[in-house]
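What follows draws every value from the coordinates through simple rules; no lab data is involved. Quick caveat, the model's predicted, so the values are computed rather than measured. For neighbour counting, all protein chains shown are included, and Cβ atoms are generated from backbone atoms with ideal geometry for every residue, glycine included.
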Amino acid sequence: MNRIIAAVAALVLFAAVSVRVFSAAPNDSMRPPGEPGLSIKLIDPDRNAHQRTATLSVQVREVQLVDPASAKETAVRGQGHLHYQVDSGPIIATTATKLSFHELTPGLHSFRVNLAGNDHLPLGLSQTVSVTIP
Ligand SMILES: [Cu+2]
């Protein structure tokens with residue numbers, strides 16, 4: 001009897017852990033603790049409708065945001081900056097983790113944020129969000 005209870009308990013525990021891992025994976029871009037992570041959040045996309053503004057808030061983990069010019073554009077492990085791009089527009093390189101885009105044209109826009117090294121090469125962490133401007 002005890003053996004059956006233990007087996008059922010183990011099965012329930014396994015199922016709970018599996019579900020948690022599965023549901024966390026698709027939406028959570030953050031990697032395990034200790035590894036670099038990047039996530040972006042769209043703030044109040046329609047709050048300022050007359051300016052047709054979208055604001056992005058970016059969280060970076062385990063990477064120090066550094067002005068690449070001050071690092072002489074030389075890659076250093078654990079350092080980087082952000083590349084922002086709206087649709088196929090020019091890439092904005094900055095250490096700012098909050099950026100607003102005004103006067104977006106009506107329609108669907110995609111906002112891409114890339115973590116880049118001091119040499120501007122991608123560090124392999126990228127996130128995209130989309131917003132429709134009315
Ligand atoms: Cu860059």
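Each residue, Ser88 and Gln59, gets one label point 7 Å from its Cα in the Cβ direction; the gap between the two is 3.4 nm.
One quarter of the convex hull surface, Cα atoms only: what value does that give for segment 31-133 in nm²? Provide the component values of the computation, followed by the final result.
Values: hull surface 26.0 nm².
The directionally averaged projection comes out at 6.5 nm².
What is the order of Arg77, Arg61, fewest Cβ neighbours within 10 Å to most? Before the final figure, lay out the partial values.
On the way: Arg77 8, Arg61 14.
Fewest to most other Cβ atoms nearby, the residues stand as Arg77, Arg61.
Segment Leu108..Asp67, full-extension length gain: 11.7 nm, with 0.36 nm per residue of separation and the alpha-carbon distance subtracted.
Pop the C-beta distance of Asp119 and Lys98 into the FRET formula with R0 = 25 Å and round what comes out to the nearest 0.05.
Details: r = 24 Å, r/R0 = 0.98.
Efficiency, rounded to the nearest 0.05: 0.55.
Extension gain, Thr128-Ser39: 0.36 nm per intervening residue step, less the Cα-Cα distance, totals 31.1 nm.
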